[in-house]
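Contents: one structure, followed by commentary.
Please treat every number below as a calculation from the coordinates, not as lab data. Only a predicted model underlies this, so the values are computations on that prediction, with no experimental measurement involved. So basically every Cβ, Gly included, is an ideal-geometry build from the backbone, and we count neighbours across all protein chains shown.
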Amino acid sequence: MAGSTIAPARPGAPRPASTCAPCPPRSRAAWSMSDWPMAADPIVIIGGGESAACAIAGLRSEGYRGPVVWVCEEAIHAYERPTLSKQFLGSGDARPSSVIPAELLDDPGIDIRLDTRATHLDAGNRLVTLNGSEQIAYSGLLLATGAEARDLDLPGRNPARWLTLRRASDAARLRPCLNAQSRIVIVGAGLIGLELAAAARMAGAQVTVIESQDRPLARVLPPAIADIALARHRRMGVAFQFGASIAGVESGPEGERIVLGSGAEITADLVLVAIGSVPRTELAESAGLAIANGVALDAQLRTSHPDIWASGDCCAFPLDGRMVRLESWEAARLLGEIAGRNMAGRALQADILPWFWSDQYDLGIQGLGLPPDGATVVHRTLGPDSALAFVLCPEGRLRAIQGIGPETSIAKHIKRARQFIRDGAVSDPAILQDADQSIWAAFRPLAVAS
């Protein structure tokens, strides 16, 4: 988002204590504090993640000084969720790093309700019910309820041996199981599934990945990039079953015996299900809000009710001519900031450039932009374990880029591409594929090209 003050640093990297830095004050010509009288009902934020934290920071940055009630279902403060499948699993930390800026923790006007669940939402009367009994009247409300990991409720399984990963408590259950004596099956070869495979192998566990599609990372990466990640996993000893389905499960003293549709059998001490997530919309549905692959929003992140906004993994909003639901760390933070500032009177559009990243062994994977249907994908090999994929419109305009390489080696290319995508720069695919040609010198503004 142009002008955003939330820096897109990766979780786990050194950064200031405040991850949702206050935005610079704006002119009050179009709005004044009289719109938010101090005696008004509080703004209620439902959700204990980083999107919610950034929304509150956005509210305060716009001059809103009224009361805020922050409803957090977990018993710990908002934390870095992306590290749960990466650094946190291999660390000895008791809990992930908090992401709440000190100025929010010390703000007497913010009532943080940990271990508290919003159980009903009455949009007509602007009332939210907590823990089934306490009712709070609100002047505005944000839904940042996130998503739940999709599970497999198969007959015959022992639920204690089947895990999903979404919360710190899930990672805490998983961490002691990652050892050289464990046989682990991972269902799903997406980003989370492969991050878990890498963490398990690095801990010495025997790992098999079951994937229904014919290749890994099919939803997020083109084959040429995904194949580099696949080759690394195989060199590290991960076994794969592609185009596979689970026909049956039998739990016994030796573990979970999984029978595939092909007739092959795998025995596991632990099964990790990593097949995506489902937006948490039950509260929105109880209030009669519009739902469409999440809580349906307009371009300013307002729901079908004028006093309710949403942000993060729970919502879908218009971007680049289509409704999208983004499941990424940066998107959750940016959407939270935009929603918070809009709740305080702004009218910002959620015109963000989606970005994701993944760490698997010593490989870094990144993707930027929203690939359109029917686009051309042009590949450039950078080295044995390094490549870029440029997603171009028919006229050659850059719309997205994905890459893989050792450590953070591709970060400079992703950073450079951000402005080229924003500017609508175009390039000749033949130049992009030519290893003797400079990648970025090949791009030029769309107006010049035409």
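Remarks
- What the Cβ-Cβ distance of Asn293 and Thr267 gives, at R0 = 35 Å and to the nearest 0.05, is a FRET efficiency of 0.45.
- The H on the amide N of Thr119, modeled in the peptide plane, is under 5 Å from the matching H of Thr129, Leu130, Asn131, Gly132, each at least 5 residues off or on a different chain.
- Backbone HN-Hα couplings from phi across segment 142-147 [Karplus 6.51/-1.76/1.60, Hz, Gly and Pro as x]: 10, 9, 10, 7, x, 9
- Residue-span extension gain [Ser97 to Ala231] - 0.36 nm each, minus C-alpha spacing: 45.0 nm
- Most mobile listed residue (Gly132, Gly90, Gly47) in the chain, GNM with C-alpha springs under 10 Å: Gly132
- Neighbour counting of Cβ atoms within 10 Å sorts the residues His233, His120, fewest neighbours leading, into His120, His233.
- Where labels lie 7 Å past Cα in the beta-carbon direction, separation of Asn179 and Glu254 in nm: 2.2
- Annotation for Asp115 and Gln419: the two label points, set 7 Å from Cα along the Cα-Cβ direction, are 5.1 nm apart.
- Between Glu395 and Ala375, the contour length at 0.36 nm per residue exceeds the Cα-Cα span by 6.2 nm.
- Net length available on complete extension from Ile76 to Asp307 is 80.4 nm, with 0.36 nm assigned per residue and the Cα-Cα distance removed.
- Sorted by Cβ density within 10 Å, fewest first, the residues Ser97, Ser133: Ser133, Ser97
- Near-label residues of segment 389-424 by backbone N, under 16 Å of a point 7 Å along Cα→Cβ of Arg444: 395-398, 424
- Counted charge near Leu121, where neighbours are those whose Cβ lies closer than 13 Å (Asp, Glu -1; Lys, Arg +1): -1
- Summed residue charge, Cβ within 15 Å of Leu270's Cβ, Lys/Arg positive, Asp/Glu negative: +2
- Structure-based [θ]222 nm, the chain - -39500 (n - 2.57) summed over DSSP H runs of at least 4, per residue, nearest 500: -6000 deg cm²/dmol
- Comparing Thr208, Thr83, Thr119 in a Gaussian network model of the chain, where Cα atoms under 10 Å apart are tied by springs, the biggest mean-square fluctuation is seen for Thr119.
- Residues Glu50, Glu148, Glu195, sorted so that the one with the fewest Cβ neighbours within 10 Å comes first: Glu148, Glu195, Glu50
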